[in-house]
Structures are given as C-alpha cells and as structure tokens.
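Q: Following this message is one structure expressed as structure tokens.
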Amino acid sequence: MKLQMIGCSHHHTDVAFREKLAFQPNQVVEALAKMRTVFPQTEAVLLSTCNRVEIYAAAENEEDCPSAQQLINFVANYHGLDVAEIATDLRSLDGEDAVHHLFTTAASLDSMVIGEAQILSQVKQAYDMANEGENTGPLTHSSFQAAMRVAKRVQTETEIHRKRVSIPSVAVADYASQFFERFDDKVILVIGAGEMGEETLQYLIDKNAKDVRIINRNHQRAIDLAQRTTGKAVEWDELNDLLVEADLIVSATGATEPIVTAEAFQTISERRFQKPLFILDLAVPRDIDPKLSDFVGVYLYSIDDLQQVCDRNRKAREREWPKAEQIIEEEVSRFMTDLYRRVTGPWIGRLKQQANDIKAAELERLLNKLGDLGDDPKIRKELDVTLGRVVNKLLHPPLESLREDVNPEEGPGLLDALKKLFQLKD
C-alpha cells in the first residue's frame, strides 16, 4: 500500500505561484478524470484552496501509485507549465508523513489562521468531489474519513477553534454577535473595499447578513466587492444618508483623517432618533472620530479594542496547541497501525493456510501408516488437535512480532522477512 502527496501552501509559496497551480471546481473534476486515465489503478483526491494546492494519490499495490515526480509532471502538463518551473517549489510527502500532514491540515493547524473552520469543509468537499468522480478507494476513504474524525476531536477536545485570532473574526464573533441576536434584518454599511473590510463582510454573510451597502471613494472597487460577495455598491456622496439608515458599520479605509467626525455626526444623530448604532472601526489611522462614542446609542470599537482580544486569544490558543498536536500524534499512530494490520492480515492468513495444509498432509500420511488404528475417531481427533497445537505454538511468536511491527516506514520490516523465510508467494 502507498499514499503519496504533492503540493504547495502559503507556508512556502507566494500567491502568484499558487494561482498558477490552482484548480477551479470544474477543473478539479476534469483533472481527476484525467488522472484516472493516466493512472488507472490510483485513488486520488485534489484539494485546491486560496492557500494550498495538494494532490493525494494512493494505491493498494505500490507499483500502481504514481511517484512524486509523476504527479508533478501531471500538474505541469495540465496547466501547460514547465516542469522545472514548479518542481522546486512543490513539496512531496508519502506514507506516515502524508497522513500526518492531511490530519494537521484538516484540523486547521496548518492554516494561515490557526483554528479557522473553513479548511475542514474544504477538505470534505475535495473528498466528496473525488467520490462523485469514482476516484476514491479503500486508502483514500480511510485516510480522509480519519482526517475528518481527527478534526472533530481537535474542535471538541481543545479550545483552538473557539479562540479567534484575526481582527475580522473577533470583530464579528466576539463583538457584533454579542450585540445583535441576528443579522438578517439589519442594515449593514461597509466603508472601504479593502481586504479587512471584505474579510469582515464575509464573516457577516456567514451570519446571514442580507441588507449590505458597500461604499468606497473609488466606486468601481465597491462594485467589484459587491459582485464578489453580496450587497449593493453605493456612491460616496450618499454616505450621510447611509449613516442614518445603518444598524452596523464596518469601516476600514486608507484615509489619513477621520471620514466621520463628531461635528458632522451631530446632524446625523438627530436624524437617527437615538436608534442604536454599532460601529467597528478597523482602520489605522482611525476612520471614525472617537468622540462618536459620546453620542447616545452609539457603540464604537476601534482596532485596538479588538487587538487586545486577539492577543489574549492567541496566548490561550498557544496553550492549547500541545493538546491538539497530541491528538494528531495519537490518531496518526492509530491509523498507521490499522493500515499496517490491513497489509499484514492477508499474509498472516496465507501463512496459516500454508501451515494448515502441511499439517493436514502430514496428518493424513501418519494415519495411513497407523493402518486400522488410524481409523479410530478418537485417535484421529487427538492427533489432529496435537498437530494443530504444535503449528499454533510455532507460529505464535513470529505472528505476534509481526502484529506489533507497526513501523513499516522505517525499512523492510518483519513482513518482508516473514515472506522470505516461509517462501510466501503473491
């Protein structure tokens, strides 16, 4: 049996490189179909996200599993790239190392933001797509199902997923969600179309936000963000009217001076009639005059407020890290033990059958020599039991040693020795 992985991630490659190798959903289906043609006996799962591109290949017989170089050649050919251009930046892992990486990835310990929940759904989606295309088999089934079980253990047995460390995630989960019971009936204003505003908006969309207005000095960027996410792009000169309507404001522009001053907000406040307003000012320097917090009904939080929570969560998460790693180590050991037993099981059965055949032949030879005495059922039974005990006692030590030999990655191991010593054939 062999499990092989090649790929790249944000740890070792930049966005430009990952973009060249990325597979869109329709391309994943197409690429897996081509892999099935090129490597017909190979199981495969293709995981392609913003931060990583990875191919997992497996086969019951090692010679049927493509090498790392063959997988690299496949990716290069699919995307029309020079093999030499990508080979040095692609990482390859096999066996236990590949399993450990898969489990770590699914558990979100290899993510850019440790503990983010999205990667598990992405791993599951990649596995489901491979299933639909009939690209999976016993090894990929067991390894990906185990990876999802490991991820669930890390989620439930540690605090890693409950300690958010990104500004947008803290802004929405630890602040906005404590203020609002629901978001689908709230008017949300996003000021600025940069990465911080977009990421925060994505978290709000995940919370079922419906009525989103996006405003930016460069209107086209507001339009582009609205198309990528949801909501309506609004012209900059409508800002004051939007400030009147909004229930929640997320501001993250690159302005050097406050875009909403306390003086300007005075008139806006009168038009709001003290309706509560929740503001997340994620800009540096600040977009919103701190004096707005003096107005009745205005709840203003700056990036400094959020950063304090992020720092506390990061320290708490670091304390949980060893616990999560221990879970992964346990599960990898368990998986490799089960996998090795699957490999040795048929050979143990073959050896037992060989021994029993020899026993049966020798029993029959002995009974023939005994003549009439060999026809006695009691004697036949006693001889059969005795020879069976001898066979079992002779086989017990090597078979127990074989069952306990759970590190086949370290070398040929006892299985190869057993096959050679007892001349077991495929």
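The values are calculated or read from the model by the stated rules, or taken from the named source; none is laboratory data. Just so we're clear, the structure is a prediction, and the values are computed from it rather than from any experiment. Virtual Cβ from ideal backbone geometry, glycine too; neighbours counted across all protein chains shown.
Yes or no, residue by residue, for (1) among the aliphatic types (A, V, I, L, M); (2) within 30 Å of residue 332 (Cα to Cα); (3) modelled with pLDDT under 80; (4) assigned by TED's automatic domain parsing to the domain that holds residue 94:
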residue	(1), (2), (3), (4)
360	yes, no, no, no
368	no, no, no, no
387	yes, no, no, no
408	no, yes, yes, no
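Q: Could you go through the stretch 143-158 and let me know if any residue there is of a type in the set (Gly, Ala, Ser) and over 17 Å from the mean Cα position of the chain (by Cα).
A: no
Q: How many of the residues in the stretch 78-117 are closer than 22 Å to residue 49 by Cβ and either touching an Asp or Glu at 6+ places or on another chain (Cβ under 6 Å) or part of a helix (DSSP H, G or I) (or both)?
A: So the count comes out to 16.
Q: Further question on the same structure: Within the stretch 174-190, does at least one residue satisfy the condition of being touching a Ser or Thr at 6+ places or on another chain (Cβ under 9 Å), modelled with pLDDT of 95 or more, of a type outside the set (S, T, N, Q) and not in a loop (DSSP other than H, G, I, E, B)?
A: yes
Q: A further question on this structure: For the stretch 158-173, give me each residue that is assigned to a helix (DSSP H, G or I) and at pLDDT below 90.
A: 160, 161, 162, 167, 168, 169, 170, 171, 173
Q: Just to check your reading of the model, which residue among 261, 230, 253 is closer than 18 Å to residue 187 by Cα, surrounded by 12 or more Cβ atoms within 10 Å (Cβ to Cβ) and polar (S, T, N, Q)? Even if it seems obvious, please write down each step before you answer.
A: On the way: 261 fails: closer than 18 Å to residue 187 by Cα; 253 fails: closer than 18 Å to residue 187 by Cα.
Checking each option against the conditions leaves just 230.
Q: Looking only at the stretch 215-224, decide whether some residue is assigned by TED's automatic domain parsing to the domain that holds residue 287, closer than 22 Å to residue 118 by Cβ and small (Gly, Ala, Ser).
A: No, that holds for no residue.
Q: Among the numbered conditions (1) closer than 25 Å to residue 182 by Cβ; (2) over 38 Å from the mean Cα position of the chain (by Cα); (3) not in a loop (DSSP other than H, G, I, E, B), tell me where residue 264 comes up short.
A: (1)
Q: Filter the stretch 47-74 down to the residues that are over 15 Å from residue 101 (Cβ atoms), touching a Phe, Trp or Tyr at 6+ places or on another chain (Cβ under 9 Å) and of a type outside the set (S, T, N, Q), then identify the one that is surrounded by the fewest Cβ atoms within 10 Å (Cβ to Cβ).
A: Initial filter on the stretch 47-74 (over 15 Å from residue 101 (Cβ atoms)): 48, 50, 59-67, 69-70, 72-74.
Filter once more, keeping what is touching a Phe, Trp or Tyr at 6+ places or on another chain (Cβ under 9 Å): 48, 59, 64-66, 70, 74.
Retained after the next criterion (residues that are of a type outside the set (S, T, N, Q)): 59, 64-66, 74.
Values: 59: 22, 64: 15, 65: 23, 66: 22, 74: 21.
This residue is 64.
For (1) more than 12 Å from residue 133 (Cβ to Cβ); (2) free of Cβ contacts under 8 Å to residues at least 60 places away in the same chain; (3) assigned by TED's automatic domain parsing to the domain that holds residue 114; (4) surrounded by 13 or more Cβ atoms within 10 Å (Cβ to Cβ), each residue gets a yes or a no:
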site: 6; (1), (2), (3), (4): yes, no, yes, yes
site: 11; (1), (2), (3), (4): yes, no, yes, no
site: 14; (1), (2), (3), (4): yes, yes, yes, no
site: 17; (1), (2), (3), (4): yes, no, yes, yes
site: 20; (1), (2), (3), (4): yes, no, yes, yes
site: 32; (1), (2), (3), (4): no, no, yes, yes
site: 36; (1), (2), (3), (4): no, no, yes, yes
site: 40; (1), (2), (3), (4): yes, yes, yes, no
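Q: Going by the conditions given, is residue 177 without any contact (Cβ under 8 Å) to a residue 40 or more places away in the chain, assigned by TED's automatic domain parsing to the domain that holds residue 200 and among the polar types (S, T, N, Q)? Break it down into steps so the answer makes sense when it comes.
A: On the way: without any contact (Cβ under 8 Å) to a residue 40 or more places away in the chain: yes; assigned by TED's automatic domain parsing to the domain that holds residue 200: yes; among the polar types (S, T, N, Q): yes.
For residue 177, the condition - without any contact (Cβ under 8 Å) to a residue 40 or more places away in the chain, assigned by TED's automatic domain parsing to the domain that holds residue 200 and among the polar types (S, T, N, Q) - is met.
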